[in-house]
Amino acid sequence: MSLHSILIAFLMMFITTPILAVESNQPSHLDVHNVPKGCATCHYGVNFKTGGGPNVCLICHGDPSKLKQEYKFMPKGFAPQGINLKNIETEFRKLYHHPTFDGAGKHKVNEVLPEIDVRALRHAVCVDCHNPHNVSAANKFAGIKDKRMGNLPVAISSEYELCYKCHGDSANLPGRSTNKRVEFSKNNPSFHPVEADGKNAAVVSLIKPYKEKKFSPGDVSTISCSDCHGSDNSSAPQGPHGSNYEYILVDNFSIKDNQPENAFNYALCYRCHNRTSILSDESFKYHSLHINGRTGINVSASGTSCYTCHSSHGSTENKYLIRFNKEVVFPNSRGMLKFVEKGVSTFRGECYLTCHGVDHDPKKY
């Protein structure tokens, strides 16, 4: 009997002999209610070492309308029936998505992340973010390692640590990408509160339940990467698989200059920040002027994006997430491009720059 025949015979045992049910906080793929055919559900006819790649995940997590055509080789009724299977495949068909199915052969079983080889091909297959043998409802990061403590890989416990594996210190970051670990660092003058509560004690535009610090049980003082990055369909599987909005965002966020302000252009920001507060200049007396633009005698200028003055992640230089987009903002007539914070109990500062043809030398607020 050939080795291939022996493997098939071994796997077929699991078709009639399901694995034992386990506790709800145990690995989901070891639960007979989720995977009634046991190991063979994922490993039928494929190599045990590689698991068959991301396409195998589509046996259960693919588009149900395609299963009959795509998986004709599978025995009838092989995929679990009668449970709520998440259709991940549809998310990866969206315009903006992680490159899980964009090219085979990029993932290596023994790869180390963050990537140390600048020539390594960028990719994000299912097992880069999920350990199918360990993941559970109670711990979706179970079994994922490569968070580095010195030279040793340790288990990941927070979502942002998982994201940093590829979007942090990787040597093969694309040209326009930035190190998100550096941007979210708690040592920065300001940052969106992903790793810890933010440093700004008065963000007057925050919408409940968001708070600068957590005082009551219902307060939310920290957010996760997936609060901003994920499906634009709230009923779709959670996580940054794909979205119809750029940057795999859950809502639209335009970073373009010279555009009108409206609820759609900055929908992502307005999920947490009160639009009325921003346009009423409660935190910065020229917010409305910058976002809406200005029209008048001999003057006609559209507004500019939140992104023109603020970093979406964190600022290594200034408070209030201030980081100027140098594709829109340029040095002033004296060659200066900076913000100087002057406030103590109130927001005050000086801008030295040129924007929309207006020389700030400085503009004081």
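For segment 93-225, a simple Cβ point-charge model (Lys and Arg +1, Asp and Glu -1, everything else neutral) yields a dipole of about 200 debye relative to the Cα centre. What shape does segment 245-365 take by its C-alpha gyration tensor, where a ≥ b ≥ c are the square roots of the eigenvalues and a/c under 1.5 counts as rounded, a/b above b/c as prolate, and the rest as oblate? Since a/c stays below 1.5, the shape of segment 245-365 is classed as rounded.
Per-residue SASA remark: Ser231, around 20 Å² accessible (1.4 Å probe; ligands, DNA and RNA not included). For His192, His133, the ranking by accessible surface with the largest value first comes to His133, His192, using a 1.4 Å probe. Cross-linked pairs Lys140/Lys199; Lys94/Lys363; Lys199/Lys338; Lys180/Lys211; Lys145/Lys256: Cα-Cα separations exceed 32 Å for Lys94/Lys363; Lys145/Lys256.
Residues with beta-carbon under 13 Å from that of Lys342, excluding Lys342: net charge, scoring Lys, Arg +1 and Asp, Glu -1? Within the 13 Å Cβ shell, the charges total +3. Rounded to the nearest 20, the Cβ-based charge dipole of segment 218-284 about its Cα centre (Lys and Arg +1, Asp and Glu -1) stands at 140 debye. Among 162-168, 356-362, 323-329, sorting by the average number of other beta carbon atoms lying within 10 angstrom of each residue, highest first, gives 162-168, 323-329, 356-362. Think of segment 203-349 as a dipole: +1 on every Lys or Arg Cβ, -1 on every Asp or Glu Cβ, centred on the Cα centre; then among Asn265, Asn318, Val220, Asn318 lies furthest on the positive end.
The values are calculated or read from the model by the stated rules, or taken from the named source; none is laboratory data. Small disclaimer: the values here were computed from a predicted structure and weren't measured. Positions of Cβ are backbone-derived with ideal geometry, glycine not excepted, and every protein chain shown enters the neighbour counts. These accessible areas exclude ligands, DNA and RNA; they are computed on the full protein's heavy atoms, side chains included. Shrake-Rupley method; radii C 1.70, N 1.55, O 1.52, S 1.80 Å.
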